[in-house]
1. Can you work out which of the residues in the range 71-94 that are crowded, with 19+ Cβ neighbours inside 10 Å and at pLDDT 95 or above is nearest to Leu181 (Cα to Cα)?
2. Would it be correct to say that Leu149 is in the same structural domain as Ala101 (by TED's automatic domain parsing) and touching a residue at least 12 places away in the same chain (Cβ under 8 Å)?
3. Take the conditions more than 21 Å from Gly34 (Cβ to Cβ), surrounded by 16 or more Cβ atoms within 10 Å (Cβ to Cβ) and among the charged types (D, E, K, R) and apply them to Arg119. Does it pass?
4. Of all residues in the range 101-146, which are free of Cβ contacts under 8 Å to residues at least 40 places away in the same chain and outside any helix (DSSP H, G or I)?
5. Out of the residues in the range 173-197 meeting the condition of being hydroxyl-bearing (Ser, Thr, Tyr) and touching a residue at least 40 places away in the same chain (Cβ under 8 Å), tell me which one is surrounded by the fewest Cβ atoms within 10 Å (Cβ to Cβ).
6. Got at least one residue in the range 59-69 being crowded, with 21+ Cβ neighbours inside 10 Å, closer than 22 Å to Gln193 by Cβ and not acidic (Asp, Glu)?
7. Which condition breaks for Trp187 when tested against (1) more than 19 Å from Ile66 (Cβ to Cβ); (2) in a helix (DSSP H, G or I); (3) out of contact with any strand residue (DSSP E or B) (no Cβ under 9 Å at 6 or more places or on another chain)?
Amino acid sequence: MRKPSRPYVSDVRSQAAEGTRARILQASKTLFAGRGIDRVTVEQIAKKAGVSASTVFALYKSKAGILRELIRSALFGQRFQVALARLEGETDPIRLIALTANVARAIYEAESSQLGLIRGVSAFSPALGKLEKEFENLRFQMQKERVKLLFAQSKQRKELTLDEARRIMWMYTSRDVYRLLVHEGGWTPNRYQKWLSSTLVNALVNPASRNRRNSRSWFVRN
């Protein structure tokens, strides 16, 4: 009779696998920041992480797979999850539009601290550019329901179509706007968030749907 596997054996294996993944990601981040994405090979990553190249390929399939996971964990990590949690259960579309600024801030603050060096040395990397388009499309899709709710309750600016409103939100919440205002303009992230909340509401919401009571609840302190 075959003995059932012990739960702790699976736990140990799972922890070991997570540790291996973490070492590979950290090694990749260090190498990408020092040499640039395009000059780093999977073999170099494996050597620095202390694993075989076959292990790296088994876990991430390719260097692009590693880079995708680094970007995903930076953009949609803990700060993003906290910001997103504030949207849960909210039914006021104006409030949701305003809270989008908090989500954008969370994304770009985390990205700046975790991927700033990599982006600096790999600004023209084709691999990075391709994945950035992928994540930009994902960000565009994630904002859809907030704008749809605004239209469903007829609180949008009357001159806007749904697609136009979505693209306006996507544009204002872009990385370039954050970079120009915070990194190059010297704004604090808090000032950026407050400005973005007000700008999104003014750009997307019908003035008749705004009132003093709503405006006082637009901004959320972190």
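The values are calculated or read from the model by the stated rules, or taken from the named source; none is laboratory data. Remember, predicted model here, so these are calculated numbers, not experimental data. Cβ coordinates were reconstructed from backbone atoms using ideal geometry, including for glycine residues, and neighbour counts include every protein chain displayed.
1. So the residue we want is Ile94.
2. On the way: in the same structural domain as Ala101 (by TED's automatic domain parsing): yes; touching a residue at least 12 places away in the same chain (Cβ under 8 Å): yes.
For Leu149, the condition - in the same structural domain as Ala101 (by TED's automatic domain parsing) and touching a residue at least 12 places away in the same chain (Cβ under 8 Å) - is met.
3. On the way: more than 21 Å from Gly34 (Cβ to Cβ): no; surrounded by 16 or more Cβ atoms within 10 Å (Cβ to Cβ): yes; among the charged types (D, E, K, R): yes.
No; evaluated as a whole, the condition is false for this residue.
4. Correct list: Ala123, Phe124.
5. From the range 173-197, those hydroxyl-bearing (Ser, Thr, Tyr) are 173-174, 178, 188, 192, 197; that's our starting set.
Keeping just the survivors that are touching a residue at least 40 places away in the same chain (Cβ under 8 Å) gives 173, 178, 192, 197.
On the way: Thr173: 22, Tyr178: 24, Tyr192: 20, Ser197: 23.
This residue is Tyr192.
6. Looking through the range 59-69, none of the residues is crowded, with 21+ Cβ neighbours inside 10 Å, closer than 22 Å to Gln193 by Cβ and not acidic (Asp, Glu).
7. (2)
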